Amino acid sequence: MWEDPIVAEVRRVREEYAARFNHDIKAICRHARQKDKESGDKVVTLSPRPVATTPPPRDA
């Protein structure tokens with residue numbers, strides 16, 4: 001089966017990055033937030049979107 005070399009590289013880098021933090025999502029997020037602070041760029045936090053609800057079914 002054919003494998004896209006760019007996708008393979010992204011997956012390899014992602015795995016290496018996760019392994020640096022022992023695949024601990026909280027540690028990965030802490031690191032990402034720290035990098036955001038160090039960048040000096042403005043970080044925007046948006047309000048959560050309302051959950052879309054589906055109207056109840058009509059009786060036929």
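We did not get these values from a lab; they are worked out from the coordinates using the rules stated. The structure displayed is predicted, hence computed values, not measured ones. In this analysis, Cβ positions are derived from the backbone assuming ideal geometry, glycine residues included, and neighbour counts consider all displayed protein chains.
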Footprinting exposure proxy for 23, 31 (fewest neighbouring C-beta atoms within 10 Å first): 23, 31
Among the chymotrypsin sites (Phe, Trp or Tyr not before Pro) in segment 2-60, which ones are in a DSSP loop with at most 10 other Cβ atoms within 10 Å of the Cβ? Mind listing them? 2
Note down the magnitude of the dipole of the chain about its Cα centre, charges +1 on Lys and Arg C-beta and -1 on Asp and Glu C-beta and zero elsewhere, to the nearest 20 debye. 360
Cβ density ranking, 10 Å radius, fewest first, applied to 24, 41 yields 41, 24
Kindly provide the trypsin sites (Lys or Arg not before Pro) of the chain that DSSP labels as loop, not H, G, I, E or B, and whose Cβ sees at most 12 other Cβ atoms within 10 Å. 42, 58
Rounded FRET efficiency, nearest 0.05, which uses the C-beta distance separating residue 2 from residue 22 and R0 of 25 Å: 0.15
Per-residue [θ]222 nm for the chain (sum of -39500 (n - 2.57) over DSSP H runs n ≥ 4, rounded to 500): -17000 deg cm²/dmol
Pairwise FRET efficiency - residue 32 versus residue 11, Cβ, R0 = 22 Å, nearest 0.05: 0.75
For the chain, alpha-carbon Rg over 2.2 N^0.38 Å: 1.91
